[in-house]
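Peer 1: My questions all concern the structure below.
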Amino acid sequence: LMERIDKGEEISLVDREFSIHECASVLKTCLGNLPEPLVTNSCFPAHLQVALLHDKYSSQEDKSAVVEKQTFCTQLLLELIPQEYFKLLKDLLFLLHGVCQREEENKMSSTNLGVIFCTHILSPRSMPPGELQSKLGVLTNATTFLIENPSILFTLPEKLLAEVQSFQCRRNREGRRSLAKRSSQGGPGVECLIANTVFSFIPMEEGAAGEQNEKDDDKESNFVCDQLESTVTSQFNLNIEIMNIKK
């Protein structure tokens, strides 16, 4: 199975040519061959700090608040993962979530899957065996949390969306004020904006119009991506400070 995958051959697992154990073994081998865990080395310390929150609270009310904070922090952390790792992690967690939902048939609970996959999802490759053994419980709990809640964790938090919308509104207001200021100083301010608006209603040649639209789309996409990353980072740092995780 591994050789056929390396050759790029199309494989249909529905035909059951390979056993479940063979497929699982190949999956873990592929994940183990990655240079770093799916959450990435840079995000691992933050995931570990979030997982340790449970040890600081005892009452049921406190634990509910902790779960909410864990969810929010993890949502932000997942947005910092490179796109290729993000897609793979998302597919893997939804797969494992489906497996643990059939625990009565396969005897694989979310905790069992957490033990098996925590080294591939969370722990850095450079972690010494002794340290890995000492942190295995925390890593298992953190991975189990990911496996049990993929639908929520891969949804952008409302706080983040509100922050992005607020930034866009502030940017639009500042842009209008800047244009008005340049205009009052004799520069290309509001008049330039009006001219651009007028010319946007003049039909362009089909090729030129298409090229211009593509450039505009690229600029907008790049801006939104850059701002999203910046906002995610600022929101996560703020939340970390609030929870007194940062030392």
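The values are calculated or read from the model by the stated rules, or taken from the named source; none is laboratory data. It should be emphasised that the depicted structure is a prediction, and the values quoted were computed from it without experimental measurement. We place every Cβ from the backbone using ideal geometry, glycine too, and count neighbours over all the protein chains shown. Accessible surface areas use protein heavy atoms only, side chains included; no ligands, DNA or RNA. Shrake-Rupley method; radii C 1.70, N 1.55, O 1.52, S 1.80 Å.
Peer 1: Would you pick out the residues in region 116-137 that are in a loop (DSSP other than H, G, I, E, B), open to solvent by less than 70 Å² (accessible area, probe 1.4 Å) and of a type outside the set (A, V, I, L, M)?
Peer 2: Once the filter is applied, which keeps residues that are in a loop (DSSP other than H, G, I, E, B), open to solvent by less than 70 Å² (accessible area, probe 1.4 Å) and of a type outside the set (A, V, I, L, M), region 116-137 yields 123, 124, 128, 135.
Peer 1: Any idea which of 23, 73, 30 is under 21 Å from residue 123 (Cβ atoms), surrounded by fewer than 17 Cβ atoms within 10 Å (Cβ to Cβ) and not hydroxyl-bearing (Ser, Thr, Tyr)?
Peer 2: The match here is 30.
Peer 1: Quick check on region 96-131: of everything there that is on the phi < 0 side of the Ramachandran plot and of a type in the set (Lys, Arg), which residue is farthest from the chain's Cα centre (by Cα)?
Peer 2: 102
Peer 1: Restricting region 76-110 to residues that are under 23 Å from residue 46 (Cβ atoms) and hydroxyl-bearing (Ser, Thr, Tyr), which is surrounded by the fewest Cβ atoms within 10 Å (Cβ to Cβ)? So that I can check it myself, show each step before the final result.
Peer 2: First, the residues of region 76-110 that are under 23 Å from residue 46 (Cβ atoms): 76-94, 96-97, 110.
Narrowing further to those that are hydroxyl-bearing (Ser, Thr, Tyr): 85, 110.
Numbers: 85: 17, 110: 20.
Checking each candidate, the answer is 85.
Peer 1: Additional query: Residue 155 is checked against (1) modelled with pLDDT under 95; (2) of a type in the set (S, T, N, Q); (3) open to solvent by less than 40 Å² (accessible area, probe 1.4 Å) and fails just one. What number does that condition carry?
Peer 2: The single condition residue 155 does not satisfy is (3).
Peer 1: Which ones in region 96-135 are free of Cβ contacts under 8 Å to residues at least 40 places away in the same chain, in contact with a Leu (Cβ under 9 Å, 6 or more places away or on another chain) and more than 12 Å from residue 146 (Cβ to Cβ)?
Peer 2: 99, 108, 115, 132 - these are the residues of region 96-135 that are free of Cβ contacts under 8 Å to residues at least 40 places away in the same chain, in contact with a Leu (Cβ under 9 Å, 6 or more places away or on another chain) and more than 12 Å from residue 146 (Cβ to Cβ).
Peer 1: Here is a list of conditions, (1) of a type outside the set (Ser, Thr, Tyr); (2) closer than 23 Å to residue 33 by Cα; (3) open to solvent by 20 Å² or more (accessible area, probe 1.4 Å), and residue 113 meets all of them except one; can you say which number that is?
Peer 2: The failed condition is (3).
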